[in-house]
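What follows is a single structure, written as structure tokens, with notes after it.
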Amino acid sequence: MTVAHSSLPPDPQDALYLANDILGVRAWGPASQPTLSVGRSDIWDRRWFAERQSLITLAHLKKLDAANRLYEISEQSPSNPYRIYSRYDFPCPKPGVQLILGTPFAQTCDARSDPSGQLLLNLTGPGKSLRAAAWVALTRPLMVIHCTTQGLSHGDLWFRIYRHNDTILPGGLLDPTLGGKPSATDFEPLPDPVAFSIDGDWGIEQLFHGEQTFPDGFRFAAVATVLRADATITCRQGECGLGTPLWAPYEGRINPGVVKRYTPINNAPGAAATADFKTLPESFTILLALATSHDDPDPRRVARRILDDARQLGIAGLEREQAVARQAAARSPRAVARVTLSSKAAIPLHRSVDNIAMPVDVGPGQLEIAAPSVVFPSLRRPDGYYGDVPLCSVGSTKFWFQDAGVWHNDFHLNEIRAEGMVTLGQYPELLPYCQMIRTLLPAACENAHDVYGLPGAMYPLVHFPLRCRGVAHTSVTWEQDLGLTGLVAKPLWLYYRHTGDREFLTQTAYPVLAEAARFSVAYLTPGDDGRLHIVPTISPEHWGLTPRFERNRNSASALTMTRYLLRSASAAAAILNRDAVEARAWRDAADRLAPLPTFAAADGPIWVDVEGAPPIEYNTPVPLSPIYWGDEIGLDSPPELLTIAKRTLANIKVTESHVYYLDNSVRPRLGMYRPGAPIGPENLLLSYQSIRLFPAVPSDAEIVMDNFAAEGGFRVSAIHTAQGQIRDVRIHSTRGEVCRLANPWPGQNIRLRSTDRVPQTAILHGSPVVEFPTAAGQTFELTPENSHPQK
């Protein structure tokens, strides 16, 4: 799809994007100065004052509670050592550089992004023009800008690489919207960026202070060169006004995920290396390489080597290489659904909380929900923790252009849902998350041992990209969410359930599931009722730690995620023929867990977030977590459970910032569509119980769904007509599991026809849920029988 703009967005927050696996580019700015903010996902200030962060153990927590002194470690207590957020603005991602096209002649700028992954700029002025095609290489950390000019003369064009001095300074005011105070004077500001020019190449290098991950200091270098044109390079340092000023209608905290702090950056000095041209050919190319200490201790040398390789290829060779890489990276099969409303009304866009592909508005009353057409080839070092990891990053770090972000842009581990990704078959995008969680397992085991005094693994609330032993604690309160480890581990089990990758299960998923299950079983407390209880725990983002743990017993999220974890670990052990005695204990513990907490509402019992608590306005709809996190409740559940689920949904109050959970993640799983609500992958296909086609869509929607993915390794295609009928159902089996399908034609028998070389036909009794065996590679066509099933 081609996206056109009459000009580039003036606010970089609204920029057009270019990217590969680790490079991110925002395109924005005025016609006279189009600006490309170029970053990398591993550019972080990794400082973390671990030696000053004493552990608060579970034993100490219980001791404080017994003495009625929990206030000593409250979020507001100045003595609480877990106060990274309000003590300093790092660890956090840092911006790369601005690559500025100085075009003082230009009065207009037409900007388009096209399906080939290019950004096309057409800059025009009286009798003069510049056309630029910008793209990011898929196979190396390189940006290419191919230019053609007409009528330009000296002074009409220059290219600049610029970086501002860091604005996080000792004694400076931290983000006041997070309750920050002037920062302590116990850290050094970052060194100033350095501009340089070497043999026709020019660029910026930035050094970061040494810390546990990179004791000798981390650095990055952005280096540019020009092909088929001669440039004069000028380097300037410590000056203001060298970059393109960041602009926004207003600054400050815009919403829970966006902070615009542009003025300090605009007022900061910086360094710039600028290329001017006395004469310009009609066609030339600018190349920019960005390397870091992850690549080599001398990133400037690595960046220049990347440019040397690109020079050898030339623009024609680079274009050929990109075309070949793009073809090789094309996703197959690709999940695509096109939704059309007969009323042609606008369809709200689904808000992604899963890092899944965002639905695209393709016309009046039309929406396309699709996995990206290209899977970026990995450019990551296997031993590096990068900022752009699906599911758990607060903000995308390779696109970062400010000096600090909300919650440090850390890896939040407490709001994870992978369901949208796996439904679109985005397994390659999910894999880096799974690998990161596996790599963090030793730290999670350390956390379980040192903080809780228990075996196994307990993951913390957040993670920063620190390649060292040690757990960065940020909140003693919210880290008592005992559902965290199940939530963290669930995407690994989903990855296996979809792909059937046994090596992945053996090497990556099972070690995490098993150690997490060992911790969870050890944490449970037997009660006089014969049940196992989770005490203490907290309701995510509600109540906090309360005296005598009154509101810290059996959180709905902890119960449902622990149950999911224990059953998944037990199933994985059976598949691998491992740990039979433990696996039986895990399964038995899951069956003995306390029931979900309820409250007696006027029209019957409803779920609440934690045992003994009344309903409140929830920031995160924890009472409904058995539906959207724990996969316990769905349309295949007993009627009495569905009744309480729907009653809870009808009664629940959720803060405006998180009310989207109800439309995105809860209502679809209960077969409910709210008119005017966004439409996402789970509106079209569910598979955590039986496979359900179009469970929650507008009745008048015409939907063509191709290759959506279901648990068990199935690919599903079907059509929902504007008259509310389902037809053209095809199911392809990649693993050969038994297929369980909710009958798309209730009350009717189903004709099942395999499309193998020797087609086979069978009639399935018209039960609410039908089952049929499959073989790997088989595809089935399903149609309703006209005759009613025999009683």
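If we scan region 465-472, do we find a residue that is at pLDDT 95 or above and either crowded, with 20+ Cβ neighbours inside 10 Å or closer than 25 Å to ARG52 by Cβ (or both)? Explain how you work it out, then say what you get.
Quick first cut of region 465-472, residues at pLDDT 95 or above only: none.
Among the residues of region 465-472, not one is at pLDDT 95 or above and either crowded, with 20+ Cβ neighbours inside 10 Å or closer than 25 Å to ARG52 by Cβ (or both), which makes the answer no.
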Using beta carbons and a limit of 6 Å, which pairs, at least six apart or on different chains, have the first residue in region 521-549 and under 21 Å from THR485 (Cα atoms) and in a loop (DSSP other than H, G, I, E, B) and the second one among the hydroxyl-bearing types (Ser, Thr, Tyr) and open to solvent by 20 Å² or more (accessible area, probe 1.4 Å)? VAL535/THR525
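Condition (residue is not polar (S, T, N, Q) and not in a loop (DSSP other than H, G, I, E, B)) applied to region 458-473: is it met by at least one residue?
Just the residues of region 458-473 that are not polar (S, T, N, Q), to begin with: 458-473.
Checking which are not in a loop (DSSP other than H, G, I, E, B) leaves us with 462-463.
Yes - at least one qualifying residue is present in region 458-473.
Residue-by-condition table, conditions (1) modelled with pLDDT under 95; (2) open to solvent by 60 Å² or more (accessible area, probe 1.4 Å); (3) more than 27 Å from PRO638 (Cβ to Cβ); (4) out of contact with any Cys (no Cβ under 8 Å at 6 or more places or on another chain):
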| residue | (1), (2), (3), (4) |
| --- | --- |
| GLY680 | yes, no, no, yes |
| GLN689 | no, no, no, yes |
| ARG727 | no, yes, yes, yes |
| ARG740 | no, yes, no, yes |
Kindly indicate the residue of region 315-347 that is closer than 30 Å to SER699 by Cα and among the charged types (D, E, K, R) and also modelled with the lowest pLDDT among those meeting that condition. LYS344
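Considering only region 588-627, how many residues are hydroxyl-bearing (Ser, Thr, Tyr) and in contact with a strand residue (DSSP E or B) (Cβ under 6 Å, 6 or more places away or on another chain)? First the steps, then the outcome.
Here is the first cut: in region 588-627, the residues hydroxyl-bearing (Ser, Thr, Tyr) are 598, 618, 620, 625.
Now narrow it down to the ones that are in contact with a strand residue (DSSP E or B) (Cβ under 6 Å, 6 or more places away or on another chain): 598, 618.
Of the residues in region 588-627, 2 are hydroxyl-bearing (Ser, Thr, Tyr) and in contact with a strand residue (DSSP E or B) (Cβ under 6 Å, 6 or more places away or on another chain).
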Could you check how many residues of region 152-206 are modelled with pLDDT of 90 or more, assigned to a strand (DSSP E or B) and closer than 21 Å to THR263 by Cβ? 3
What do you reckon, is VAL353 modelled with pLDDT of 95 or more and either in a loop (DSSP other than H, G, I, E, B) or surrounded by fewer than 16 Cβ atoms within 10 Å (Cβ to Cβ) (or both)? no
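Condition first: farther than 21 Å from ILE145 by Cα, polar (S, T, N, Q) and out of contact with any Asp or Glu (no Cβ under 6 Å at 6 or more places or on another chain). Now tell me which residues in region 283-298 satisfy that. Spell out the reasoning first.
If we filter region 283-298 for residues that are farther than 21 Å from ILE145 by Cα, which is where we start, we get 292-298.
Checking which are polar (S, T, N, Q) leaves us with 292-293.
The one that is farther than 21 Å from ILE145 by Cα, polar (S, T, N, Q) and out of contact with any Asp or Glu (no Cβ under 6 Å at 6 or more places or on another chain): SER293.
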For region 391-398, indicate whether the set of residues that are of a type in the set (S, T, N, Q), in a loop (DSSP other than H, G, I, E, B) and within 30 Å of GLU72 (Cα to Cα) is non-empty. no
What tally of residues in region 565-591 results from selecting those that are in a helix (DSSP H, G or I) and open to solvent by 30 Å² or more (accessible area, probe 1.4 Å)? 12
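Would you check if GLU656 is surrounded by fewer than 22 Cβ atoms within 10 Å (Cβ to Cβ) and either modelled with pLDDT of 95 or more or touching a Ser or Thr at 6+ places or on another chain (Cβ under 9 Å) (or both)?
On the way: surrounded by fewer than 22 Cβ atoms within 10 Å (Cβ to Cβ): yes; either modelled with pLDDT of 95 or more or touching a Ser or Thr at 6+ places or on another chain (Cβ under 9 Å) (or both): no.
It is false that GLU656 is surrounded by fewer than 22 Cβ atoms within 10 Å (Cβ to Cβ) and either modelled with pLDDT of 95 or more or touching a Ser or Thr at 6+ places or on another chain (Cβ under 9 Å) (or both).
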For GLU51, which of the numbered conditions (1) in contact with a His (Cβ under 6 Å, 6 or more places away or on another chain); (2) acidic (Asp, Glu); (3) open to solvent by 20 Å² or more (accessible area, probe 1.4 Å) fails to hold? (1)
PHE214: in contact with a strand residue (DSSP E or B) (Cβ under 8 Å, 6 or more places away or on another chain), surrounded by 15 or more Cβ atoms within 10 Å (Cβ to Cβ) and either under 30 Å from GLU51 (Cβ atoms) or of a type in the set (Lys, Arg) (or both), yes or no? no
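Can you name every residue in region 285-302 that is under 28 Å from the mean Cα position of the chain (by Cα) and crowded, with 21+ Cβ neighbours inside 10 Å? Spell out how you get there, then give the answer.
Pass one, region 285-302, residues under 28 Å from the mean Cα position of the chain (by Cα): 288-296, 299.
Result: LEU288, ALA289, LEU290, ALA291, THR292, SER293, HIS294, ASP295, PRO299.
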Unmet requirement for VAL716, which otherwise passes all of (1) aliphatic (A, V, I, L, M); (2) within 26 Å of the chain's Cα centre (by Cα); (3) modelled with pLDDT under 95: (3)
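So if I check each of LEU649, LEU635, LEU641, LEU662, which one is of a type in the set (A, V, I, L, M, F, W, C), touching a residue at least 24 places away in the same chain (Cβ under 8 Å) and either assigned to a loop (DSSP other than H, G, I, E, B) or more than 27 Å from ILE703 (Cβ to Cβ) (or both)?
Working: LEU649 fails: either assigned to a loop (DSSP other than H, G, I, E, B) or more than 27 Å from ILE703 (Cβ to Cβ) (or both); LEU641 fails: touching a residue at least 24 places away in the same chain (Cβ under 8 Å); LEU662 fails: either assigned to a loop (DSSP other than H, G, I, E, B) or more than 27 Å from ILE703 (Cβ to Cβ) (or both).
Testing whether each residue is of a type in the set (A, V, I, L, M, F, W, C), touching a residue at least 24 places away in the same chain (Cβ under 8 Å) and either assigned to a loop (DSSP other than H, G, I, E, B) or more than 27 Å from ILE703 (Cβ to Cβ) (or both) leaves just LEU635.
Does region 73-92 contain any residue that is under 29 Å from the mean Cα position of the chain (by Cα), within 30 Å of THR274 (Cα to Cα) and either surrounded by 21 or more Cβ atoms within 10 Å (Cβ to Cβ) or among the polar types (S, T, N, Q) (or both)?
The first filter runs over region 73-92 and keeps only residues under 29 Å from the mean Cα position of the chain (by Cα), leaving 75, 81-92.
After this cut, where a residue has to be within 30 Å of THR274 (Cα to Cα) as well, the list is 92.
Of the ones still in play, those that are also either surrounded by 21 or more Cβ atoms within 10 Å (Cβ to Cβ) or among the polar types (S, T, N, Q) (or both) are 92.
Yes, region 73-92 contains at least one residue that is under 29 Å from the mean Cα position of the chain (by Cα), within 30 Å of THR274 (Cα to Cα) and either surrounded by 21 or more Cβ atoms within 10 Å (Cβ to Cβ) or among the polar types (S, T, N, Q) (or both).
Report, by residue number, each residue of region 610-627 that is surrounded by fewer than 23 Cβ atoms within 10 Å (Cβ to Cβ) and of a type outside the set (S, T, N, Q). Please lay out each step first, then the result.
Initial filter on region 610-627 (surrounded by fewer than 23 Cβ atoms within 10 Å (Cβ to Cβ)): 612-620.
Those that are surrounded by fewer than 23 Cβ atoms within 10 Å (Cβ to Cβ) and of a type outside the set (S, T, N, Q): GLY612, ALA613, PRO614, PRO615, ILE616, GLU617, TYR618.
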Output the number of residues of region 742-758 satisfying the condition of being assigned to a loop (DSSP other than H, G, I, E, B) and either charged (D, E, K, R) or open to solvent by 70 Å² or more (accessible area, probe 1.4 Å) (or both). 4
Out of region 220-233, which residues are in a strand (DSSP E or B) and either surrounded by fewer than 19 Cβ atoms within 10 Å (Cβ to Cβ) or out of contact with any Asp or Glu (no Cβ under 6 Å at 6 or more places or on another chain) (or both)? PHE220, ALA222, ALA224, VAL226, LEU227, THR232, ILE233
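Scan region 150-174 for residues that are touching a Pro at 6+ places or on another chain (Cβ under 8 Å) and in contact (Cβ under 8 Å) with a residue 24 or more places away in the chain and jot them down. Give the derivation first.
Filtering region 150-174 for residues touching a Pro at 6+ places or on another chain (Cβ under 8 Å) gives 155-156, 163-174.
The answer is GLY155, ASP156, ARG163, HIS164, ASN165, ASP166, THR167, ILE168, LEU174.
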Answer yes if at least one residue in region 439-454 is open to solvent by 40 Å² or more (accessible area, probe 1.4 Å), more than 26 Å from SER396 (Cα to Cα), in a loop (DSSP other than H, G, I, E, B) and not hydrophobic (A, V, I, L, M, F, W, C), and no otherwise. yes
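The values are calculated or read from the model by the stated rules, or taken from the named source; none is laboratory data. Values in this document were obtained by computation on a predicted structure and should not be read as measured data. With ideal geometry, Cβ positions are generated from the backbone for all residues, glycine too; neighbour counts draw on all protein chains shown. Each accessible area value is taken on the protein alone, full model and side chains, heavy atoms only, with ligands, DNA and RNA left out. Shrake-Rupley method; radii C 1.70, N 1.55, O 1.52, S 1.80 Å.
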